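Novice: Shown below is the structure under consideration.
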Amino acid sequence: MNIQKGTTYKGHSQAVRCLRFSPDGKWLASSSDNHTVKLWDLAAGKIMFEFAGHMGPVNMVEFHPNEYLLASGSSDRMIRFWDLEKFQVVSCIEEEATPARCVLFNPDGCCLFAGCQDTLRVYGWEPERCFDVVPISWGKQREANNWMFTGTA
């Protein structure tokens, strides 16, 4: 792949919130305040597909490490799982109280972690389900600093 320095990819009409490269480096996913996720073919320099369905700004996107699957989390409190072969939604999970601020697939791809305001949630997508909810006080700087430096809160 040959990406030219200074190349501009135009496609979102509002601010872009997140960019992620696919595991093989051939695609780029972008999420935006315009409620969409775009999948870019980097070699061709153009949009492959635009995923719509979120009702609020899309905060983040994350590629599955082993499958053609993309997760997106939005301010509408929904996490959507997109099939990258059929270009359609596989499943949706609605957050109970607050939107996910970040999502990350487990390295082996068995589950998705979602960081919410005061919880860490662990999800599956076929069928959609919540495996675990771990209460965490992300906002308490003192506890976070203690954990970072001592390994205990």
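Readers should treat all values here as calculations from the given coordinates under stated rules, not as data from a laboratory. Note that the structure is predicted; figures quoted are calculated from it, not measured. Positions of Cβ are backbone-derived with ideal geometry, glycine not excepted, and every protein chain shown enters the neighbour counts.
Novice: Determine by what factor the alpha-carbon radius of gyration of the stretch 16-150 differs from 2.2 N^0.38 Å, reporting the quotient. Before the final figure, lay out each step's value.
Specialist: Values: Rg = 15.2 Å, N = 135, 2.2 N^0.38 = 14.2 Å.
Its radius of gyration relative to the 2.2 N^0.38 Å reference: 1.07.
Novice: Which far-off residues, 5 or more places away or on another chain, put their amide H under 5 Å from the one on THR119, with H placed in the peptide plane?
Specialist: ILE136
Novice: Stretch GLN117-LYS86 to full length: gain in nm at 0.36 nm per residue minus the Cα-Cα span?
Specialist: Values: separation 31, 0.36 × 31 = 11.16 nm, distance 3.26 nm.
Taking GLN117 through LYS86 to full extension adds about 7.9 nm, to one decimal.
Novice: What net charge do the residues around PHE49 carry, taking every other residue with its C-beta under 12 Å from that of PHE49, with Lys and Arg at +1 and Asp and Glu at -1? Before the final figure, lay out each step's value.
Specialist: Working: positive: LYS38, LYS46, LYS86; negative: ASP41, GLU50, ASP83, GLU85.
Result for the neighbourhood of PHE49: -1.
Novice: Then there is this: Mind checking which aspartates and glutamates have their C-alpha under 15 Å from LYS38, skipping anything on the same chain fewer than 8 residues away?
Specialist: By straight Cα distance, LYS38 reaches GLU50, GLU62, ASP83, GLU85.
Novice: If you rank LYS86, LYS38 by fewest surrounding Cβ atoms within 10 Å, what's the result?
Specialist: Values: LYS86 9, LYS38 21.
Going from sparsest to densest Cβ surroundings: LYS86, LYS38.
Novice: Give the order of VAL134, VAL90 when sorted by the count of other beta carbons within 10 angstrom, beginning with the fewest. Write out the running numbers ahead of the final one.
Specialist: Working: VAL134 10, VAL90 17.
Arranged by neighbour count, lowest to highest, VAL134, VAL90 become VAL134, VAL90.
Novice: Compute, for the stretch 16-150, the length of the dipole vector about the Cα centre, with Cβ point charges of +1 (Lys, Arg) and -1 (Asp, Glu) only. Units Debye, rounded to 20.
Specialist: Around 400 debye, computed over the stretch 16-150.
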